[in-house]
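To start, the structure under review is shown below, and the notes come after it.
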Amino acid sequence: FVQAGGLMPFARGIMFIECHVAGTSHRDIAAIEPSLLPGALLPMKREPGNPHVPLAIMIFGEAGHHLGYIPRAKNEALARLMDAGKLLYARLESKSWVGDWLQVESRVFMRDY
């Protein structure tokens, strides 16, 4: 990695959790499923205004499609880190159709410099 003003130390990801992407059944995911490949980086964004889950964290595909959320049972520590300015992202580990539901498994990492 190169940063303005010189080289940046080697960046690495610190893995925090493994989880499925919640809420994929509420999205039109069939059209984008072929583009979701194992190893893909999945950007995440806090959604503090979510009326149902105040600590909600949205997960997006590489092309910017909203795939779903970090499960509520696993989002508190991650949301607090993101609120403190830490860069977190997910990596798609696997996917499989379970009836009409696309089960997407991911790992969540924090970028460490």
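Compared with the direct C-alpha span, the chain from residue 76 to residue 93 gains 3.9 nm at full extension, assuming 0.36 nm per residue. Ranked by the mean number of other Cβ atoms within 10 Å per residue, highest first, peptides 80-93, 22-35 order as 80-93, 22-35.
The sum of -39500 (n - 2.57) across all DSSP H runs of n ≥ 4, divided by the residue count of the chain, sets its helix-only mean residue ellipticity at 222 nm to -2000 deg cm²/dmol. Charges were assigned to the Cβ only: +1 to each Lys and Arg, -1 to each Asp and Glu. The resulting dipole of the chain about its Cα centre is roughly 340 debye. Cross-link partners for residue 86 among the lysines, with Cα-Cα distance under 18 Å and sequence neighbours closer than 8 places in the same chain left out: 45, 74. Between 40, 53, 65, the Cα set farthest toward the positive side of the dipole of region 21-82 (charges on each charged residue's Cβ, about the Cα centre) is that of 53. Per Stokes-Einstein, at 4 °C and 1.567 mPa s, what whole-number D in µm² s⁻¹ belongs to the chain, with the Kirkwood radius over Cα pairs as the hydrodynamic radius? Once the numbers are plugged in, D ends up at 88 µm²/s. Each listed q (0.15, 0.16 Å⁻¹) maps to a log10 I(q)/I(0) for region 42-81, found by the Debye formula over equal Cα scatterers with no solvent: -0.31, -0.35.
Here, each number is a calculation from the coordinates, and none is a lab measurement. Treat the numbers as computed from the prediction; the structure is a model and nothing was measured. Counting neighbours? That spans all protein chains shown, and the Cβs are built from the backbone with ideal geometry, glycine included.
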